[in-house]
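Working notes for the structure below.
The values are calculated or read from the model by the stated rules, or taken from the named source; none is laboratory data. Worth saying up front: this structure is predicted, and the values here are computed from it rather than measured. Using ideal geometry, Cβ is built from the backbone for each residue, glycine included, and neighbour counts are taken over all protein chains shown.
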Protein chains: 2
Amino acid sequence: MKFNKIAVAVLAIGLSGATLAQNIGKAEDQIRWRQSVMQTQGWSMARIKANIDGTFNKDQVIQAANTIQAIANSGSGGLFQPGTDTGKGWRETNVKPEMFSNAAKLKEVGSAYNKAANEMAKVAATGDAAAVKAQFGNLGKACKGCHDEFRKEEKK
Amino acid sequence: MKFNKIAVAVLAIGLSGATLAQNIGKAEDQIRWRQSVMQTQGWSMARIKANIDGTFNKDQVIQAANTIQAIANSGSGGLFQPGTDTGKGWRETNVKPEMFSNAAKLKEVGSAYNKAANEMAKVAATGDAAAVKAQFGNLGKACKGCHDEFRKEEKK
């Protein structure tokens, strides 16, 4: 059964938990929440990049990396429930339908993202700017790995 | 100097760090990011509530509480830079101008929020449903304490 395969995959990569307990919100809430979660990650990534490119502030990088890690482990996969491949949150969703049908690929890119986010927090804690730069690159690739598969091109 | 007083207050309550290092993004980015941060907190609060009201899933509550804690300590106060009391992110900002002028009150309500968020994560880790319910109430009051002071009434 396709849905169960996806649910298991989402669970396996630690993106969920919502599938185990309460799925909350209407489709429009779930889409707005996941768009917000992604923007919060985007803000945090932009902050790390600003610290790499400018004056390196260890505390700020830790704040951003801890936020990324908490969200990566938050169960936000539960915000991608069947039936939310279309609809509007803050704006129309740009998720590809493939996210709801390709469990193997979802597991692969989701696992890579979780691993990279957990490692980013560890590296940030060391305060080593060069290591932060390297892991930021790895994490960016992991983000892109999921976006390339499951996100439609952003409308400019 | 008014700006410095606010910066010091924001820093003191641990909401910032951004004031120390790079302030990133245009006004529209900062407003969209802070609206996203608040929605991510709202999603996490809704999840904890669903677990209190329905079947209690310890892991889901921990995920949500850890997200709340990370964001409360993320330096999101840095997204409220002078000049962003008006403007549009996902939508028009509904911050009150008082947030940029009442440093003492900002420190008071911000400190209460940080403390309640850190305590929420501790309590969630115990898996004690009754204690989670009690601390969820405290945290909700802390959220409301800031909203009452500094957020305009939501447009319906």
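Considering only region B:75-83, I want to know if a residue exists there that is over 16 Å from the mean Cα position of the chain (by Cα), within 25 Å of A:Ile48 (Cβ to Cβ) and surrounded by fewer than 23 Cβ atoms within 10 Å (Cβ to Cβ).
Kept after step one, since they are over 16 Å from the mean Cα position of the chain (by Cα), are these residues of region B:75-83: B:82-83.
If we keep only those that are within 25 Å of A:Ile48 (Cβ to Cβ) too, we end up with B:82-83.
Then drop every residue that is not surrounded by fewer than 23 Cβ atoms within 10 Å (Cβ to Cβ), which leaves B:82-83.
Within region B:75-83, one or more residues are over 16 Å from the mean Cα position of the chain (by Cα), within 25 Å of A:Ile48 (Cβ to Cβ) and surrounded by fewer than 23 Cβ atoms within 10 Å (Cβ to Cβ).
Go through B:Trp33, B:Trp90 for me and flag whichever is assigned to a loop (DSSP other than H, G, I, E, B) and facing chain A (nearest Cβ under 8 Å). Reasoning before the result, please.
On the way: B:Trp33 fails: assigned to a loop (DSSP other than H, G, I, E, B).
Unique residue meeting the criteria: B:Trp90.
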Residue among B:Val61, B:Val95 that alone is at pLDDT 95 or above, touching a strand residue (DSSP E or B) at 6+ places or on another chain (Cβ under 9 Å) and within 24 Å of A:Gln41 (Cβ to Cβ): B:Val95
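Could you identify the single residue in A:Ala134, A:Ala130, A:Ala124 that is outside any loop (DSSP other than H, G, I, E, B) and in contact with a helix residue (DSSP H, G or I) (Cβ under 7 Å, 6 or more places away or on another chain)? Before the answer, list the steps.
On the way: A:Ala134 fails: in contact with a helix residue (DSSP H, G or I) (Cβ under 7 Å, 6 or more places away or on another chain); A:Ala130 fails: in contact with a helix residue (DSSP H, G or I) (Cβ under 7 Å, 6 or more places away or on another chain).
On inspection, the qualifying residue turns out to be A:Ala124.
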From the set of residues in region B:43-83 that are in contact with a Ser or Thr (Cβ under 7 Å, 6 or more places away or on another chain) and outside any helix (DSSP H, G or I), which is nearest to B:Met120 (Cα to Cα)? B:Ser74
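With respect to B:Ala104, is the statement that it is in contact with a helix residue (DSSP H, G or I) (Cβ under 8 Å, 6 or more places away or on another chain), of a type in the set (A, V, I, L, M) and facing another protein chain (nearest Cβ under 10 Å) true? Before the answer, list the steps.
Details: in contact with a helix residue (DSSP H, G or I) (Cβ under 8 Å, 6 or more places away or on another chain): yes; of a type in the set (A, V, I, L, M): yes; facing another protein chain (nearest Cβ under 10 Å): no.
In short, no.
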In this structure, does A:Ile48 turn out to be more than 9 Å from chain B (Cβ to nearest Cβ), buried (at least 19 other Cβ atoms within 10 Å of the Cβ) and under 27 Å from A:Glu92 (Cα atoms)? no
Do you know which of the residues in region B:114-154 that are under 24 Å from B:Arg91 (Cβ atoms) and touching a residue at least 60 places away in the same chain (Cβ under 8 Å) is surrounded by the most Cβ atoms within 10 Å (Cβ to Cβ)? B:Cys143
